[in-house]
Structures are given as structure tokens and as C-alpha cells.
Amino acid sequence: MDTQVVVIGAGQAGLSAAWGLRRAGLEPGPGFVVLDAEEAPGGAWRHRWDTLRVAGDAFSAHRIHSLPGLDFAPEDPDRPANRVVPEYFAAYEREFDLQVRRPIRVTAVRSVDELLHVDTDAGTWTAQALVNATGTWTRPFVPAYPGATEFRGRQLHAVDFPGPEAFAGQRVVVVGGGTSAVQFLLQIAPVAAATTWVTRTPPRWREGPFDDVAGREAVALVEERVRAGLPPRPVVSVTGLPLTPAYREGIESGVLARRPMFSRITPDGVAWADGTTEPADVILWATGWRPAVGHLAPLHLRSPQGGIALDGTRAVADPRVHLVGYGPSASTIGANRAGRAAAREIVQRLRAPAAA
């Protein structure tokens with residue numbers, strides 16, 4: 001199956017890239033195809049926990065930016081984000097006739113002469129360029145700790161968060177220093193027997209508004225790592241946590257009293273190097289994700305530093321390949337910009353021989 005551009009993933013970044021390709025005059029099919037592993041529209045949002053909202057309270061998602069060309073304006077923002085956002089993505093796909101093909105799982109991308117071969121469970125596409133927008137949701141990260149296999153309780157990653165009711169009457173250790181960990185603690189604490197928050201480094205609370213200047217500075221720090229070929233860090237690692245009224249209340253009540261990372265896991269809880277222990281029925285790992293880029297391994301894009309070096313969105317090791325929703329563009333507004341930028345550059349490259 002031949003096309004000019006393959007877009008892998010139909011989340012925020014992939015849809016933005018597809019819109020850019022469509023706007024530049026490429027048609028679905030011969031011009032580009034969008035391959036998505038999900039059963040329906042929505043990307044990672046389909047798997048968010050039911051208590052997450054898009055606006056309005058302490059358990060809201062980070063701001064959801066509109067995709068290019070169609071405003072995100074849900075009639076009821078108090079509905080779960082895992083319903084509201086997929087509905088918006090579905091409407092977007094229809095509005096611009098993006099003809100996303102799903103469920104199709106990409107297994108490998110190979111370079112064959114001047115073309116890229118995209119192998120999937122539904123056949124192989126050949127293309128002149130690739131937009132990888134696979135995000136991180138399918139690669140939850142749980143760090144290895146001594147004793148983990150002997151723990152008699154439950155261990156869950158944030159990807160499997162079942163809602164606060166599942167922790168009623170239990171002693172819960174929440175691991176992680178990001179927004180998800182804080183939101184989980186605030187939801188679980190009222191029903192749990194006890195909660196303990198542990199993080200590798202002390203939380204960085206941020207007072208005041210987070211304006212565009214601060215946002216650009218934070219993204220620039222993440223972008224610097226990606227340009228150097230280092231593994232990307234989440235943008236929140238440099239932005240810090242917003243000190244909202246709900247978070248202040250959590251600090252004052254002791255729910256958000258952070259303890260340093262434990263050194264090992266015991267059959268009945270966790271233990272620190274000084275001999276201190278904490279009993280636990282559940283360890284909830286809110287420790288983030290890693291980029292889902294294993295299918296790109298045949299292209300040998302990784303640098304000696306362990307990441308994929310990018311120039312803008314373009315892979316330094318192969319200019320036919322663009323990564324969006326990776327590193328500095330792993331936010332809804334960043335994904336929008338990166339998707340459009342990748343589309344523009346790809347179209348310019350495709351048309352360069354004709355212009356010459």
C-alpha cells in the first residue's frame with residue numbers, strides 16, 4: 001500500500017499533523033494515512049480515570065487546547081474527560097475527513113532504499129515520510145525496588161487507577177511527584193485508612209500564574225535535552241506544581257506531607273534506609289510513562305545518550321521521520337504546534353524536487 005506520508009497515532013499530535021497535511025492539499029489515501037491502535041477516537045484520553053475532568057476543580061486535567069480549525073467547547077465540562085475529549089476527537093476526524101484507520105498496530109518501521117516501510121498487523125504501507133505521534137500511554141514506567149516481588153498487597157500504576165472507592169479502608173502509599181500523584185492523594189485520603197506520599201525529590205510548588213513566558217522557558221529546557229539526544233523529561237519536571245487552593249488545603253491537612261523515597265519494599269509495606277517502615281495494603285505508582293518508540297528501532301534513531309535527537313520535530317538521524325508529542329511537545333498545546341510544524345516541513349520536502 002503506497003502513500004506519501006504515514007501518521008502513526010490519532011491523539012492530539014497526530015490529528016494536528018493530519019490537519020496540516022490535509023490543509024496543504026494532501027488527500028487521505030494517496031497523500032497520507034493515519035494509523036491508530038485504538039478501537040475508537042480519543043487516544044490516551046479513552047483510558048483516563050473517571051474522576052478526571054477537563055475543568056472546574058482540583059481533579060481537572062491540564063488545560064485542553066483546541067485542535068487547529070475546531071474549538072474545544074464541551075457543553076458540560078463536568079463530565080469525565082475520558083468521554084468529553086474522545087467525543088471532540090471523533091467530531092474533529094469527521095469535520096476534516098481524516099479517515100483514520102483503526103484499530104491498526106504498527107510493529108516496525110524500516111528503511112528500504114528511499115522509502116519507509118511501515119509494517120502493521122494489517123499489512124505494510126510504503127511512504128516518503130513519517131509522523132510518529134504514539135505518545136507514552138502504552139508504556140507505563142514502574143521503577144525497580146528491592147522486595148517488590150514479595151509485597152503481599154496490590155501494586156498499581158496510574159494507568160490502572162480504578163477510582164478512589166477501590167481504596168476504602170486501606171493503607172495506600174502513593175509514589176510520584178507529579179500532578180497525578182497529588183490528585184490521587186486528595187481523592188483517596190477521605191476514604192482510605194491512611195495515605196503516605198513519597199517522592200524521589202522534594203515537590204516544587206509554584207505560586208502565581210503560569211504565563212506564556214514561563215511556559216516557553218519550561219519547554220525550552222526540555223527541548224534542549226532533546227536536541228542533545230538525551231531522553232526527554234516531562235515538562236512538569238521543570239514547571240513545578242501549581243499551588244492551588246485545593247493543594248494548599250492538602251498541605252495544611254497533612255495529606256500532601258511528602259516523605260523521601262523508600263529504599264525497599266517489604267511484604268507488608270515499605271522501608272527506609274534508617275529503619276523506618278510504613279505498612280501498606282496498596283502501592284500506587286504515579287511514576288509516569290516512557291515514549292512508545294520501540295517500533296522505530298530498525299531505523300537506529302537513538303543517540304549514544306539514549307534519546308532520539310531532534311531538530312525541531314525532525315529526527316537528526318533520518319530527516320524523513322518526525323516525532324510529535326515527544327519531549328517538548330508532550331502537552332496539548334505543544335502537540336498542536338509540533339503537528340502543524342511537522343506537516344509544513346514534510347510538505348515542503350515532498351514538493352522540493354518539483355520546485356527545483
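Every number here is computed from the coordinates shown, using simple stated rules; none is lab data. None of these values were measured; they are calculated from a predicted model. No Cβ is skipped: glycine too gets one built from the backbone with ideal geometry, and neighbour counts run over all protein chains shown.
When DSSP beta bridges are restricted to pairs lying wholly in the chain, around 40% turn out antiparallel. I'd like the orientation of helix 179-188 relative to the chain: the angle between its Cα long axis and the longest Cα principal axis, in ° from 0 to 90, rounded to 10. Relative to the chain, helix 179-188 is tipped by roughly 40 degrees. Over all other residues within a Cβ to Cβ distance under 15 Å of ILE283, the charged ones net out to +1, with Lys and Arg as +1 and Asp and Glu as -1.
For the chain, a crude dipole built from +1 on the beta carbon of Lys and Arg and -1 on the beta carbon of Asp and Glu, taken about the Cα centre, is about 700 debye to the nearest 20. Comparing PRO203, PRO41, PRO245 in a Gaussian network model of the chain, where Cα atoms under 10 Å apart are tied by springs, the biggest mean-square fluctuation is seen for PRO245. What does the charge count around VAL112 come to, taking other residues whose C-beta lies under 14 Å from its C-beta (Lys +1, Arg +1, Asp -1, Glu -1)? Its environment carries a net charge of -3. Shape analysis of the stretch 74-131 yields a ratio of the Cα radius of gyration to the Kirkwood radius, Rg/Rh, of 1.17. Classify the stretch 1-157 as rounded, prolate or oblate, taking a ≥ b ≥ c as the square roots of the eigenvalues of its Cα gyration tensor: rounded when a/c is under 1.5, otherwise prolate if a/b is larger than b/c and oblate if not. Taking the square roots of the gyration eigenvalues as a ≥ b ≥ c, the stretch 1-157 is oblate. Farthest toward the positive end of the dipole of the chain, out of THR179, PHE167, ALA297, is the Cα of ALA297, where the dipole comes from beta carbon charges about the Cα centre.
Between the helical axis of 212-227 and the longest alpha-carbon principal axis of the chain there is an angle of about 70 degrees. The order of the peptides 138-149, 7-18 by mean Cβ neighbours within 10 Å, most packed first, is 7-18, 138-149.
The slack between HIS65 and GLN99, meaning 0.36 nm per residue of separation minus the straight C-alpha distance, is 10.0 nm.
The length gained by stretching the chain between ALA246 and ALA297 to full extension, at 0.36 nm per residue less their Cα-Cα distance, is 14.0 nm.
Helix-only arithmetic for the chain: the sum of -39500 (n - 2.57) across DSSP H runs with n ≥ 4, divided by the residue total, places the mean residue ellipticity at 222 nm at -8000 deg cm²/dmol. Stretched out straight at 0.36 nm per residue, the stretch from ASP274 to GLU150 would grow longer than its current Cα-Cα span by 42.6 nm.
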